[in-house]
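To start, the structure under review is shown below, and the notes come after it.
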Amino acid sequence: MANAHPASSRAGSQQAGRGAATKLDALEGLGESGMELEAALPHVAPLKPAGEYASQSVDQDLKSAVLAEPIGTLSAPVASGNETLPAKKLSAKETALKAEDHAAAHLEGSTAAAIDEVDRNFQTLLETVRANRPGDDLEIIRKAWQFCLQQHAGQKRASGEPYIIHPLEVAQVLAELKMDSTAIAAGLLHDAVEDTDVTSTEIGKRFGEQVEHIVEGVTKLDKIKFANREDHQAENIRKMLLAMVTDIRVVIIKLADRLHNMRTLEHLKPEKQQKIARETLDIYAPLAHRLGMGKLRGELEDLAFRYTDPYAYEQLSNEVDSLRGEGESFLNRIVAELEEKLREHGIKGRVESRIKRLYSIQQKLASNQIPVDQVYDLFAIRVICNSVQDCYALLGLLHSIWRPVPGRIKDFIAMPRPNLYQSLHTTLIAPGGHQFEVQIRTEDMHRVAEEGIAAHWKYKASDSVTAKDEARLAWVRQLMEWQREMTDPNEFMSTLKIDLYPEEVYTFTPKGKVVVLPKDASPIDFAYAIHTEVGNTTIGAKVNGRIVPLRTRLRNGDIVEISTQTGHAPSRDWLSFTKSSRARNKIKHWINEHQRERAIEIGKKLLDREARKYKLSLSKFDEADYVRVATEYGLGTQAELLAGIGFGKYSTRQVLNKLEPGSTMTAEAPAETTVGNAVGQMSDAVKRVFFGKGSESLQVEGQDDLLVYRARCCNPIRGEEIIGYVTRGKGVAVHARSCSNVQNLLYESDRRIQVEWASAPADAGQANTAKATTYPVKLTVLCEDRAGLLKEFTAIISDDGTNIRSVDSKPTADGNAIVDFVVETVDVRHLNRLVLNLRKVPGVRDVHRVQKI
């Protein structure tokens with residue numbers, strides 16, 4: 001039986017390498033949607049003869065368990081996919097390196113030790129594949145390795161090491177996930193098209209259509225020029241998901257690629273570290289979670305946390321380390337008592353203990369505003385039983401030994417989560433008042449929780465995924481159907497981010513059919529889950545027999561009945577409380593269709609009115625003229641141009657000038673009080689009152705006569721990623737991309753417009769320069785209530801050259817204090833520096849920015 005390995009709480013601090021346990025070992029514990037492990041503690045108690053669990057040795061540790069003994073001497077059965085294969089004695093000849101496998105000829109300039117390490121690592125890869133999948137042909141992996149050596153010869157990574165190490169490490173992760181030889185070959189070749197002169201066609205000729213399809217799916221779109229980085233990112237993700245629908249190996253390789261990049265992220269510049277780590281938390285970790293790959297997701301999250309908030313990571317690591325000794329002693333006592341009870345009642349199983357992962361702890365601290373020692377599931381026990389019956393029997397036994405916490409008992413065996421995670425969860429109170437969580441599951445459930453869709457990977461020529469895996473991919477297929485209507489990349493990304501978080505509410509129709517919805521879903525979400533037409537014509541709802549408002553939040557077990565009326569139409573207000581991507585997309589689609597028609601009519605009227613001012617006749621222009629102007633704006637048709645004018649996105653004067661150059665310059669139009677003119681006549685003081693300080697530093701790309709102002713819901717500051725939204729009669733509102741309102745505004749993509757920060761003064765980076773524009777920002781500090789703390793805060797802010805506009809403090813019921821500052825900052829860097837300095841004050845629990853002032 002494979003034992004759990006002790007690991008440091010500082011996930012991500014270990015260096016990737018063969019000699020030490022990898023981070024996947026360090027995060028060996030739970031990684032499922034229920035409780036994720038930060039580290040598995042040493043105590044693992046077998047209650048069966050060791051041989052009975054030998055088949056799980058490969059599953060327990062992704063790397064160290066596979067290589068715990070010389071591969072040639074494995075005597076236990078080895079799991080492959082869903083089957084338990086007979087033990088196989090591995091011959092040295094099968095996994096020995098051939099002459100052409102050696103890296104020496106392709107790593108000129110590298111030391112002999114480095115070359116030897118690459119060779120050893122490739123041999124380790126072959127041994128891992130042979131151990132996990134004895135029936136697979138190694139020849140395609142050897143061919144891919146030789147091709148990879150040739151193509152990446154001479155290339156270096158940011159760390160200075162040979163580039164070839166990266167695809168080799170990616171392939172090793174795939175081998176540890178028990179992927180087939182085709183996937184591992186594709187993993188070795190995943191950067192060949194992107195970073196060398198090789199084409200997808202050549203990959204197909206050499207390695208077959210499957211490898212070509214997978215490599216093409218993970219290759220970024222670098223040949224196409226995009227308007228901005230966000231569009232580029234969105235289209236790359238869209239391309240990957242489209243390929244993933246037909247072959248799940250595409251996304252598994254992409255996740256393995258991202259995992260190794262995160263392990264070696266320390267070699268990049270801080271700005272790039274932040275960008276990659278944020279993308280990992282936003283897209284790749286939730287994607288791994290949605291596919292049930294909890295172990296991989298856990299490592300991605302902890303590694304990303306280390307770079308997105310280094311100070312909080314270090315602070316939390318120290319706090320968890322301070323509790324570790326006492327926590328391990330407590331868990332060991334519980335484990336010993338539980339083992340004795342299992343023997344006494346004849347329940348066979350093994351017991352593991354763990355301490356919660358750092359990123360998971362941080363999320364609890366942020367949402368509940370509590371200290372680390374109050375996290376109820378900081379310590380947890382996992383019991384892996386032989387059968388489902390034993391799981392339920394053990395649950396009853398636990399409740400007879402320790403008192404359960406009401407409301408903390410969850411049955412994910414009867415009602416699996418959307419990523420197919422299954423387990424029984426209960427929180428218990430030990431003598432002394434210590435709370436701890438217990439998770440109970442079978443061996444098969446354990447593999448699914450740890451490795452997700454990769455746990456049941458079993459490749460056949462006619463059927464590449466099982467029925468359960470099809471269920472996992474249903475949401476991707478649905479998303480890909482909706483994406484045909486989503487021409488805008490930002491809309492696609494917002495829908496994806498909503499959809500990556502699995503549903504958590506189980507509701508029922510009056511006839512008893514289960515409808516699974518996102519947390520806090522409304523009756524509108526329920527209606528659209530039944531049918532689009534039901535959603536569009538909804539006028540009311542009953543929950544558990546009582547009439548309720550449409551914005552009511554549904555809870556587990558609610559019975560929902562929808563009232564409809566023919567001819568009724570969706571309301572724009574519904575977008576403010578609907579949660580499911582299906583409902584939101586259907587509402588957006590309906591609004592877009594109807595508002596677009598109206599926008600075209602308004603655009604025609606506006607253009608005609610502007611033309612009359614300059615004594616121009618629009619009848620002299622035909623469709624070709626409008627298409628020519630539309631092309632200049634990046635549009636395709638006359639209708640799109642007129643809709644853009646109707647939404648206020650394009651200036652009618654500029655469009656007329658493009659239709660007939662100089663036409664708007666010859667005779668000035670009669671003086672007319674417009675929003676633009678009125679703004680021009682305003683004093684600086686009045687502009688600040690109406691539109692907020694700092695609006696003059698914004699501009700619309702390609703437009704010079706549109707009013708631009710900072711939205712008050714999020715108050716973006718220089719350096720933040722921003723997006724413009726054309727309002728009705730008030731100009732262009734500029735929001736931070738992270739603003740919650742942006743998601744609700746995305747349904748009218750025609751009214752979105754590209755905005756940018758105007759060129760900053762040369763010395764804008766200094767907070768104390770008179771030339772730099774400053775922006776008011778509200779900061780909230782949660783801290784201990786002690787004397788002198790406010791003095792320390794104001795000294796830090798003042799020493800940084802920052803002006804304090806207001807300060808307010810109040811005590812909390814638990815003996816802490818909340819201090820609110822409104823300060824004037826120059827840009828994001830200045831704000832981040834200020835927040836970091838405030839966090840360093842002893843007694844400070846949290847510092848965060850409040851978007852709305």
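The values are calculated or read from the model by the stated rules, or taken from the named source; none is laboratory data. Quantities reported herein were computed from a predicted structural model and do not represent experimental measurements. Glycine gets a Cβ as well: all are built from the backbone with ideal geometry, and neighbour counts include every protein chain shown. The area values use the complete protein model at the heavy-atom level, side chains included, leaving out ligands, DNA and RNA. Shrake-Rupley method; radii C 1.70, N 1.55, O 1.52, S 1.80 Å.
Whenever you get a sec, line up GLU299, GLU235 from highest to lowest accessible area (probe 1.4 Å, protein heavy atoms).
Details: GLU299 0, GLU235 40 Å².
Ranked from most to least accessible, the order is GLU235, GLU299.
Taking 25 Å as R0, compute the FRET efficiency from the Cβ-Cβ separation of THR780 and SER322 and round it to 0.05.
Efficiency, rounded to the nearest 0.05: 0.45.
Once both labels are modelled 7 Å past Cα along the beta-carbon direction, what's the SER809-GLN150 spacing in nm?
That separation, rounded to one decimal, is 7.1 nm.
Between VAL516 and THR201, with labels modelled 7 Å along Cα→Cβ, what's the label distance in nm to one decimal, could you check?
Distance between the two pseudo-spin positions: 4.4 nm.
Between THR631 and HIS594, what is 0.36 nm times their sequence separation minus the Cα-Cα distance? Round to one decimal in nm.
Extra length available between THR631 and HIS594 comes to 10.9 nm.
Report the accessible area of ASP799, computed with a 1.4 Å probe over the heavy atoms of all protein chains in place, in Å² rounded to the nearest 10.
130 Å²
What distance in nm lies between label points placed 7 Å from Cα along the C-beta direction at GLN363 and HIS531?
3.7 nm
Under a 5 Å amide H to amide H cut-off, with H placed in plane at 1.01 Å, what residues pair with SER423 once short-range neighbours are removed?
HN-HN under 5 Å from SER423: PHE412, ILE413.
Taking amide H atoms as placed 1.01 Å from N in the peptide plane, list the residues 5 or more away in sequence, or in a different chain, whose amide H sits under 5 Å from that of THR825.
Correct list: TYR775, VAL777.
Each residue of the stretch 776-791 in order: what ³J(HN,Hα) in whole Hz does its phi give by Karplus 6.51 cos²θ - 1.76 cosθ + 1.60, θ = phi - 60°, with x for Gly and Pro?
Ordered by residue, 3J(HN,Hα) equals x, 9, 9, 10, 10, 10, 9, 8, 5, 8, 9, 5, x, 5, 4, 4 Hz.
Across the stretch 609-616, in residue order, what do the Karplus-derived ³J(HN,Hα) couplings come to in whole Hz, using 6.51 cos²θ - 1.76 cosθ + 1.60 with θ = phi - 60° and x for Gly and Pro?
Coupling constants for the stretch 609-616: 5, 5, 5, 5, 4, 9, 6, 10 Hz.
Amide H of HIS152: which non-local residues (sequence gap of 5 or more, or other chain) have their own amide H closer than 5 Å, using H built in the peptide plane?
none
Are any of the pairs LYS275/LYS295; LYS519/LYS588; LYS579/LYS605; LYS156/LYS269; LYS156/LYS295; LYS791/LYS840 more than 26 Å apart by Cα-Cα distance, and if so, which?
The answer is LYS579/LYS605; LYS156/LYS295.
Let me check something: with ligands and nucleic acids excluded, how do SER353, SER619 order by accessible area (1.4 Å probe), largest to smallest? Don't jump to the answer; show the numbers that get you there.
Numbers: SER353 5, SER619 105 Å².
I get SER619, SER353, largest accessible area first.
May I ask you to evaluate 6.51 cos²θ - 1.76 cosθ + 1.60, the Karplus curve with θ = phi - 60°, for each residue of the stretch 367-384 and list the ³J(HN,Hα) values in order in whole Hz, giving x for glycine and proline?
The phi angles translate into 7, 9, 6, 10, x, 4, 6, 9, 6, 5, 10, 4, 10, 8, 10, 10, 10, 10 Hz.
Express in Å², to the nearest 10, the accessible area of TYR392 obtained by rolling a 1.4 Å probe over the protein heavy atoms while all chains stay in place.
Its accessible surface works out to 90 Å², give or take rounding.
With a bin width of 10 angstrom, please list the P(r) values of the stretch 330-378 as percents of all Cα-Cα pairs, from the 0 bin to the one holding the largest distance.
In whole percents, the pair-distance histogram is 22, 35, 25, 17, 1.
Heavy-atom accessible area of ILE334 with all protein chains present, probe 1.4 Å, nearest 10 Å²?
Approximately 10 Å² for this residue.
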